[in-house]
Each structure stands twice: as structure tokens, then as C-alpha cells.
Ligand code: SAM
């Protein structure tokens, strides 16, 4: 039995994430012409939060682009707990289309996204194929879902495997095509046995797959306690937090569930060694940062974990971070 109030609080974490991204875009940390079409709120956030989101969006985008280029576009992307993410539109603009792009979230979240997409010509235009297109170009939708040739927005509770499995089929995903799964701050809200089963399902169904999981880590120290009690005080169930104890527990959950390999890195390392120095210089001029230690602490408590299952030996392990 799930706690409905808890689910509502989890759904509202999408508003937090999208409002933070919206404000950072507003200040020019990165460019996203599509987010303002989905999110109007530009309430101020602290410089630490803005830099944290900059690092998160930059490293995830870089990893996704690396995967698409390595697969020469012959690949699919599934964004679980996608919220108001705009990656599909940004990749299209960057000239990096894929064969299928699927987003799944609670119906409550997808219905709002569906409404905004349907009512915006710029978002809708990007759902049509350009040039020669062998897929049905028709865009169909109801209140909670939207389906087009490549882009699919579908509603499911990720804790219910049969629901997830039938949505993956409805969105015409091909199990033999290399597929990237993205979880951006999602698994922590699910009881560990459900996220384990979901990762196992992916490894069972897809012969060639790559996963990017961005999430909390090092949650067992005092700072971690404070972060968790902040989330809990808003009614969020953090049933999956035991996998956020360390980089090793983040990696192990993939290895335990049928994946060939995994690598997790703290955001401190990502920020200081994986983002282009000229980008760091540019964004560090946007706002003065008073509390460097606070940012270091935040970066120490988030990580990116990539994992792969590589039956075709496409050298997905070389795509590590
Ligand atoms: N990935 C987006 C981003 O980073 O901007 C949204 C992140 S938000 C913190 C977490 C998202 O996961 C929410 O949109 C929430 O509705 C979704 N989510 C959490 N648990 C879920 C579940 N059991 N089924 C479907 N969606 C879920």
C-alpha cells in the first residue's frame, strides 16, 4: 500500500527541479529555449543551487550526447521520472536525433506536460520528422499521454513493473536497439526492491543498454542527514535512500541486477575535472559565491553513476565518465 500524500510530495519534486533549472536558465548558466515554454516560474534560487544544477545538466547532457554519437544515432532513449525535462527538443536542435525518445512519469505530471506541449507550436513542431521519414508522423494524444513517430510521453508508476513493461511496448521500443536509460533524481523515491526490479527488467529485456543515474550519495554523514530531513519534512518518502550510502552502493545496485559494469563519480570530481574550464570560468562570473564550502558539501553529496550491459560488444564500457 502506497502513501498517497507521499506520492503527491514526490510528484511535487518535479516542480522544485524544474523551477531551479528555469531560474538558472534565466540567469544564463546554460541555454534552453524550451524550458520557458513549460515553466514560467522564475523565483530566485541561491548561487550554490544554480551551480549545482548547472553541473548536473551539463554532465548529463554531455554523457547523453557521447552515447548518441558513439551509436551514430541508431539508438533509443528512455527518461524515467522525466518531469518537465526538455532533452528531446535540445537534442533535436543539436542535430542529434535518435530512433525513439520515451519519457515516463506519474500521470499527474505527464498530463501537465502533455497540456503544455499540445498548446505550443514550437514544442509541437519538433515532434514531426524532417526530410525523409519512415515513421508515422501523426501525433496522437489524450489527457495524460502523447505519442508521435519518435517522441513518446507516457504515464506509469515506476514501482509497477507490468505497467512499465506495457508502456515500453506501447511506445514501440525495440529491445535489440542500443538504449540509454536516464534516471535524474528519481530512484531515491522508490523502495529499494522496486528500483532493483526495474533495473533487472531493463537488463533482462534490452541486450545493449547504458544507464545514467544522477542521485544523492554519502547520505550517511551529518550533512546527508540534514538533506534527508529537509526532504522528509515535505512529506517525501525516501524509501530508496540505502542505495545512496556510497559510490560503491550506487555501483553495486547495477551489478547485482544483471548489468556488466558500473562507475560512479562524486559531483565534486565532475565539476573540477569533467566540465570544460572555459565553461566553469564563464558560469563562475554569473554570480558571486559566498559559501564555497556549502557548494563543496553539496557536490560531495550528489553523484553520477553510469552502467552498461553490452551484449553486442559495442565497447559501452569506454563511454565511462
Ligand atoms: N528527472 C527530472 C529532472 O531531473 O528534472 C525530474 C526530477 S524530480 C526530482 C523526480 C521525478 O520522478 C518526478 O517527476 C516524479 O513524479 C518522478 N517519479 C518519482 N517516483 C516515481 C514513480 N514511482 N513513478 C513515476 N514517476 C516517479
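Every number in this text was worked out from the coordinates using simple rules, so none of it is lab data. Remember, it's a predicted structure, so these values are computed and weren't measured experimentally. FYI the Cβ positions are ideal-geometry reconstructions off the backbone, even for glycines, and counts take in every protein chain you see.
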(Q) Could you check the spin-label model distance between residue 170 and residue 287? Points 7 Å from the Cα along Cα→Cβ, value in nm. (A) 3.9 nm
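With a ≥ b ≥ c taken as the square roots of the eigenvalues of the C-alpha gyration tensor of the range 1-107, please select rounded if a/c is under 1.5 and otherwise prolate if a/b is larger than b/c or oblate if it is not?
Working: a/c = 2.09, a/b = 1.22, b/c = 1.71.
Oblate, because a/c is 1.5 or more while a/b does not exceed b/c.
Sort 176-187, 155-166, 237-248 for me by packing, meaning the mean count of neighbouring Cβ atoms within 10 Å per residue, highest on top. Write down the numbers at each step before the final one.
Details: 176-187: 22.0, 155-166: 16.7, 237-248: 18.6.
Per-residue mean Cβ counts within 10 Å order the peptides as 176-187, 237-248, 155-166.
In deg cm²/dmol and to the nearest 500, what is the mean residue ellipticity at 222 nm of the chain if only DSSP H runs of at least 4 residues count, each as -39500 (n - 2.57), divided by the residue total? Provide the component values of the computation, followed by the final result.
Numbers: 12 runs with 138 residues, N = 321.
It lands at -13000 deg cm²/dmol.
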Q.
Rounded to whole Å, give me the distance from the Cα center of the range 30-102 to that of the range 221-276.
A. 20 Å
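Please work out how much length the chain gains when fully extended from residue 207 to residue 193, using 0.36 nm per residue of separation minus the C-alpha to C-alpha distance, in nm with one decimal. Present the calculation step by step, with values, prior to reporting the outcome.
Values: separation 14, 0.36 × 14 = 5.04 nm, distance 2.23 nm.
Length gained between residue 207 and residue 193: 2.8 nm.
Please work out the FRET efficiency for the pair residue 12 and residue 278, using the Cβ-Cβ distance as r and a Förster radius of 35 Å; give the result to the nearest 0.05. Show your work: numbers first, answer last.
On the way: r = 36 Å, r/R0 = 1.04.
For R0 = 35 Å, the calculated efficiency reads 0.45.
Could you compute the FRET efficiency for residue 221 and residue 111, with r as their C-beta to C-beta distance and R0 at 45 Å, rounded to 0.05? Provide the component values of the computation, followed by the final result.
Details: r = 39 Å, r/R0 = 0.86.
Calculated value: 0.70.
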Q: Highest first, please rank the peptides 48-58, 7-17 by the mean number of other Cβ atoms sitting within 10 Å of their residues.
A: 48-58, 7-17
Q) For the range 4-319, what's the radius of gyration and Dmax over Cα atoms, in angstrom? A) 18.6, 56
Q.
Quick check on packing: order 71-83, 22-34 by the mean number of other C-beta atoms within 10 Å, highest mean leading.
A. 71-83, 22-34
